[in-house]
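Report on the structure given below.
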Amino acid sequence: MLFNSLEYLLFFPSVFALYWLLNGHRSAQNLLILLSSYFFYGWWDVRFLYLIAFTTVFDFNAAQLIENRHVSWSSRLKSVGFITIAYAGFVLPESWQQGTWTEGGSSGLIATVLLSALVLAGPRLVSSIPERLQRKVIVSLTVIVNLTILGFFKYFNFFVDSFQAMYLTVFGVEPSIIMLSIVLPVGISFYTFQSMSYTIDVYRREMKSTPSIVEFGAYLSFFPQLVAGPIERGKNLLPQFQRDRVWNADEAREGLWLIAWGLFKKVVIADNLSILVNSVFGAYDQGETSALPAGGGLLTLIAVYAFAFQIYADFSAYSDIARGCAKLMGFDLMLNFRLPYIATNPSDFWQRWHVSLSSWLRDYLYIPLGGNRKGKFNTYRNLWLTMLLGGLWHGANWTFVLWGFYQGMILVLYRLLGIDHAGAKSTGLMKAIHVLWFFQLTCLGWLIFRAQNLDTIWIFLASIFGDFRGSVEASEAGWTLISFIWPLLLVQALQIRFQSFYVLPRFHWFANLNIWLLILLSIGVFASNQFRPAEFIYFAF
Amino acid sequence: MPSRLLRYWWALPFLVLYVLLASEAYIRVVQPTKIQPRYVVGAEYGVRMNKPLMTYYHTGQHYRIRFDINSKGIRADREIPYDKPASTYRIVAFGDSFGMGYEVELGDAWLSVLERELNKSGQCNVEVVNLSVSGHGTAEELVTYLNEGYKYEPDLVLVEWHQTDLDDNLRSRLFALGDGVLDKANDTYLPPIENAALLESPVYRLIAENSMFYAWARQSLSTRVQRLMAATANKDLEQSQATVTDQSARGALSIALLDRFASEAQQRGADFYALDVPWWVDRVTFTSSFPEVPSLATKVYSPIEDFALRRGEEMYWEDGFGHFTPLGNNIVGLGLSKQILPLCSQSESAKDSGP
């Protein structure tokens with residue numbers, strides 16, 4: 001279900017009303033969140049709910065074992081019931097609908113039986129491991145299982161395909177390897193990372209595990225942020241499920257604004273810029289042409305700039321709507337974007353862009369690798385490795401790997417040159433120069449990110465640096481870009497001016513009325529011009 | 001806080017008025033919308049008809065078109081009795097907004113051109129009775145013919161086909177295919193239409209004929225609702241038509257409707273002819289969506305070839321609702337007259353008329 005769809009317009013108010021009717025009954029509210037989140041996700045594809053249920057049961061039990069908490073038989077049976085219901089509800093109907101016993105049906109059955117056995121016998125099995133190793137073994141197992149599921153669904157074909165290509169290049173023959181038709185489950189990268197952060201935090205004794213599978217299930221599948229983040233941390237979000245929610249009118253007002261502004265960014269800015277971006281990139285997406293873009297280098301450059309704003313508007317829109325919906329339900333999700341395009345250096349950028357992922361990578365990858373504690377060489381290696389894996393997290397494509405490599409490279413270069421805090425303390429013109437320069441570097445990264453193949457990157461670079469000229473198309477594209485990004489720039493200027501992301505309270509009620517009118521009418525007009533709501537870019541990751 | 005707000009209750013009407021005026025201004029600047037009020041009511045035979053005795057205007061950037069609807073719900077500048085005048089070849093036409101001549105003056109509409117051209121030929125004395133209603137599909141047209149159209153004693157039944165009919169026919173749920181046989185499924189199809197009294201209210205007419213915001217909101221809403229209804233009906237039909245394998249279920253329903261229409265006309269002694277309004281891609285690319293109806297293979301006129309001869313000229317309003325321009329109407333009317341002239345000149349009615 002998309003936030004910008006009619007279905008969600010009916011879904012959310014219904015859940016919201018029911019949720020506050022249950023106010024004072026925390027367990028019932030959590031159960032409602034769990035059920036509505038599964039409904040929300042199942043609207044896209046019911047089968048993959050089983051994967052979420054599997055991760056939920058596995059990590060829920062693993063965390064308790066890591067903490068050495070006594071897991072009662074009643075709790076274990078609840079877990080077995082949870083996964084059995086998930087199998088019966090989400091996998092079985094699909095298997096029987098097709099008339100034959102499908103591979104999914106068999107694999108699901110095996111997984112259900114194995115997981116149930118593991119849950120029931122878990123405490124016994126753990127007791128057979130030497131005590132000093134118990135916690136380490138369990139947390140390693142959860143990391144391996146989570147990454148295996150993620151790797152299989154997201155990267156299996158990518159690695160097989162790459163291996164085939166390499167084999168063909170080296171030996172001149174194509175190896176016979178079975179390719180599986182695997183559908184990428186929406187949001188798998190987000191909820192897998194969220195689940196891993198929980199077990200690791202419990203392992204690090206930074207938080208307590210929860211004894212309630214409903215609580216953990218609701219935390220992991222919380223619908224506002226389930227499919228595209230922010231990637232929450234157990235220690236931030238889970239305690240919010242463990243205390244009573246209190247209606248707060250100010251928070252609700254801010255939540256409504258976040259939803260409206262998010263929808264505006266998605267429907268008005270991102271979806272319209274995507275037309276411009278696709279008109280230039282689209283011809284190269286299938287890799288069928290090597291001709292330079294006919295509109296000249298300026299048009300190519302404008303398309304890259306447009307993509308920079310498209311992806312920002314699109315992704316931050318999702319985060320804003322997620323945070324807004326959560327606020328209306330009494331939750332506070334982490335801030336995912338902090339005006340990333342005013343960053344003056346790469347470190348600054350990663351503290352502003354997709355903060356929930358970059359901080360995840362910092363806390364669970366960069367720092368465990370040694371961070372900056374083991375000398376310069378190791379620091380650079382760790383930075384590069386973290387960014388490479390961050391790139392690969394986005395998808396199974398070499399362009400994402402290259403993007404990660406590029407991000408690692410500029411992080412390392414800035415450090416090598418001793419300018420890793422460049423522009424941080426500058427003001428006025430100098431600050432503007434730093435911001436503009438770093439924006440160019442960011443856009444080069446976005447060119448790599450948007451290109452569907454490596455050839456496109458070289459063609460576009462050749463167009464920008466070797467065929468830089470104006471054209472009628474370039475001038476039209478320029479005006480289109482300006483006409484859609486000015487509201488974004490204006491709001492960001494106000495956010496900087498007022499040092500607050502929520503600027504509405506600073507204005508008179510009459511100005512507020514007009515801002516709301518403008519926003520809502522724009523959403524209405526541009527949404528009605530679309531044949532169907534467009535997906536968010538980060539759904540693909 | 002609420003009690004403080006309640007003290008300002010008297011400001012509410014002003015606030016509402018301000019919001020409406022600001023919305024109107026926004027739409028006029030950002031999304032200028034053509035104002036195209038549609039006055040349709042439910043006919044006693046269960047489908048929509050034009051509200052009789054109405055005069056109203058459609059306003060676009062470059063035109064202001066007057067619509068006069070006579071006492072029988074026909075866009076015409078005169079009353080038309082059921083009884084056919086002697087020595088007259090009568091064509092009764094059914095269609096949607098293309099048939100009604102949206103976005104052009106009555107005299108420029110293709111049915112007016114057709115009537116004029118046939119009469120100019122000197123081979124027949126023709127009268128066209130236009131029972132088109134904006135939004136109609138073949139199903140509603142067939143019901144209109146069976147209840148109202150036949151009363152005009154047509155010599156020729158002329159049905160205008162448009163791609164939207166595929167969905168309109170499903171959405172109406174007036175007919176259904178049971179084991180490949182067309183059955184009447186419901187007696188009425190009256191999608192949300194304004195109350196007749198409302199249509200006469202001066203305030204409503206002031207808004208409907210002058211407000212771009214109202215026009216935009218109405219169009220957006222009706223488009224969404226129509227898509228939803230068509231999608232639901234299509235799904236139901238596909239589920240009930242597991243045996244339809246060679247073409248989509250919605251195509252099968254339209255084929256059956258056109259076939260039934262032709263046979264009903266023939267049973268009453270009338271010829272049958274169809275106009276296939278092409279789908280417009282750009283000024284040189286037009287596609288046909290007319291379903292393959294074996295019994296009508298030689299009784300369909302598509303203007304695609306005639307449009308192709310006028311490469312690059314504007315056949316459909318590009319900045320409007322995409323109906324025919326006066327040029328498009330003229331080409332369709334002329335082309336159709338060439339097809340119908342042999343039918344009309346050989347008919348008994350034409351022979352009565354003499355040279």
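Of note:
Condition check ((1) open to solvent by 90 Å² or more (accessible area, probe 1.4 Å); (2) within 14 Å of chain B (Cβ to nearest Cβ)) across all residues:
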position	(1), (2)
A:Trp437	yes, no
A:Trp446	no, no
A:Thr456	no, no
A:Arg497	yes, no
A:Leu517	no, yes
A:Val525	no, yes
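- Residues satisfying the stated conditions in segment A:183-224, i.e. within 16 Å of A:Ala326 (Cα to Cα) and assigned to a loop (DSSP other than H, G, I, E, B): A:Phe222
- A Cβ distance below 7 Å, combined with a sequence gap of six or more or placement on separate chains, defines the contacts here; from segment A:91-113, residues that are at pLDDT below 80 reach residues that are in a helix (DSSP H, G or I) and open to solvent by 70 Å² or more (accessible area, probe 1.4 Å) in the pairs A:Glu94/A:Arg47; A:Gly104/A:Arg47.
- Filter result for B:Leu53 (farther than 22 Å from B:Gln219 by Cα and either assigned to a loop (DSSP other than H, G, I, E, B) or within 14 Å of another protein chain (Cβ to nearest Cβ) (or both)): yes
- Per the listing B:Leu15, B:Leu20, the residue uniquely assigned to a helix (DSSP H, G or I), touching a residue at least 40 places away in the same chain (Cβ under 8 Å) and either within 11 Å of another protein chain (Cβ to nearest Cβ) or open to solvent by less than 100 Å² (accessible area, probe 1.4 Å) (or both) is B:Leu20.
- For the residues A:Ala462, A:Ala534, the requirement of being more than 22 Å from A:Leu335 (Cβ to Cβ) and within 25 Å of the chain's Cα centre (by Cα) singles out A:Ala534.
- Per-region count, segment A:468-516, residues of a type in the set (Val, Ile, Thr) and more than 20 Å from A:Lys265 (Cα to Cα): 1
- Meets criteria (away from chain A (no Cβ under 14 Å), free of Cβ contacts under 8 Å to residues at least 40 places away in the same chain and either of a type in the set (Ser, Thr, Tyr) or under 30 Å from B:Phe175 (Cα atoms) (or both)) for B:Ser71: yes
- Residues in segment B:71-129 that are part of a helix (DSSP H, G or I) and of a type in the set (A, V, I, L, M, F, W, C): B:Phe98, B:Met100, B:Leu106, B:Trp110, B:Leu111, B:Val113, B:Leu114, B:Leu118.
- Among the residues of segment B:23-50, those identified as surrounded by 15 or more Cβ atoms within 10 Å (Cβ to Cβ) and either over 27 Å from B:Leu131 (Cα atoms) or touching a helix residue (DSSP H, G or I) at 6+ places or on another chain (Cβ under 6 Å) (or both) are B:Ser23, B:Glu24, B:Tyr26, B:Ile27, B:Gln31, B:Thr33, B:Ile35, B:Pro37, B:Tyr39, B:Val41, B:Val47.
- On inspection, A:Ile537 fails the criterion of being within 14 Å of chain B (Cβ to nearest Cβ), within 28 Å of A:Trp261 (Cα to Cα) and either out of contact with any Ser or Thr (no Cβ under 7 Å at 6 or more places or on another chain) or modelled with pLDDT under 90 (or both).
- Residue in segment A:221-242 that is open to solvent by 20 Å² or more (accessible area, probe 1.4 Å) and either among the small types (Gly, Ala, Ser) or in contact with a Pro (Cβ under 7 Å, 6 or more places away or on another chain) (or both) present: no
- Against the conditions (1) modelled with pLDDT under 85; (2) open to solvent by 40 Å² or more (accessible area, probe 1.4 Å); (3) of a type outside the set (Lys, Arg), A:Pro185 satisfies every one except (2).
- Candidate set from segment B:85-115 (those that are among the charged types (D, E, K, R) and over 23 Å from B:Asp319 (Cβ atoms)); member that is least open to solvent (accessible area, probe 1.4 Å): B:Arg90
- Answer residue from segment A:499-515, given it is of a type in the set (S, T, N, Q) and away from chain B (no Cβ under 14 Å) and is surrounded by the most Cβ atoms within 10 Å (Cβ to Cβ) among those: A:Ser500
- Close pairs (9 angstrom Cβ cut-off, 6 or more residues apart or separate chains): on the phi < 0 side of the Ramachandran plot and free of Cβ contacts under 8 Å to residues at least 40 places away in the same chain in segment A:370-381, outside any helix (DSSP H, G or I) and open to solvent by less than 40 Å² (accessible area, probe 1.4 Å) anywhere: A:Asn378/A:Gly370; A:Asn378/A:Gly371; A:Thr379/A:Gly370; A:Thr379/A:Gly371; A:Arg381/A:Gly370
- Looking across segment B:27-38 at every residue that is at the interface with chain A (Cβ under 10 Å from one of its Cβ atoms) and touching a Ser or Thr at 6+ places or on another chain (Cβ under 8 Å), the one that is modelled with the highest pLDDT is identified as B:Ile27.
- Between B:Arg171, B:Arg78, the distinction of being among the basic types (Lys, Arg) and either open to solvent by less than 40 Å² (accessible area, probe 1.4 Å) or touching a Lys or Arg at 6+ places or on another chain (Cβ under 9 Å) (or both) belongs to B:Arg171 only.
- Of the residues screened, A:Ser483 is one that is among the hydroxyl-bearing types (Ser, Thr, Tyr) and open to solvent by 50 Å² or more (accessible area, probe 1.4 Å).
- The residue that is most open to solvent (accessible area, probe 1.4 Å), counting only those in segment A:60-74 that are part of a helix (DSSP H, G or I) and more than 22 Å from A:Ser197 (Cβ to Cβ), is A:Trp73.
- Among residues of segment A:330-346 that are open to solvent by less than 10 Å² (accessible area, probe 1.4 Å), those with a beta-carbon under 7 Å from a residue that is among the acidic types (Asp, Glu) at least six positions away or on a different chain give the pairs A:Leu333/A:Glu232; A:Asn345/A:Asp420.
The values are calculated or read from the model by the stated rules, or taken from the named source; none is laboratory data. Remember, it's a predicted structure, so these values are computed and weren't measured experimentally. Reconstructed Cβ throughout: ideal geometry from the backbone, glycine too, with neighbour counts over all protein chains shown. Surface areas here come from the heavy atoms of the whole protein model, side chains and all, with no ligands, DNA or RNA. Shrake-Rupley method; radii C 1.70, N 1.55, O 1.52, S 1.80 Å.
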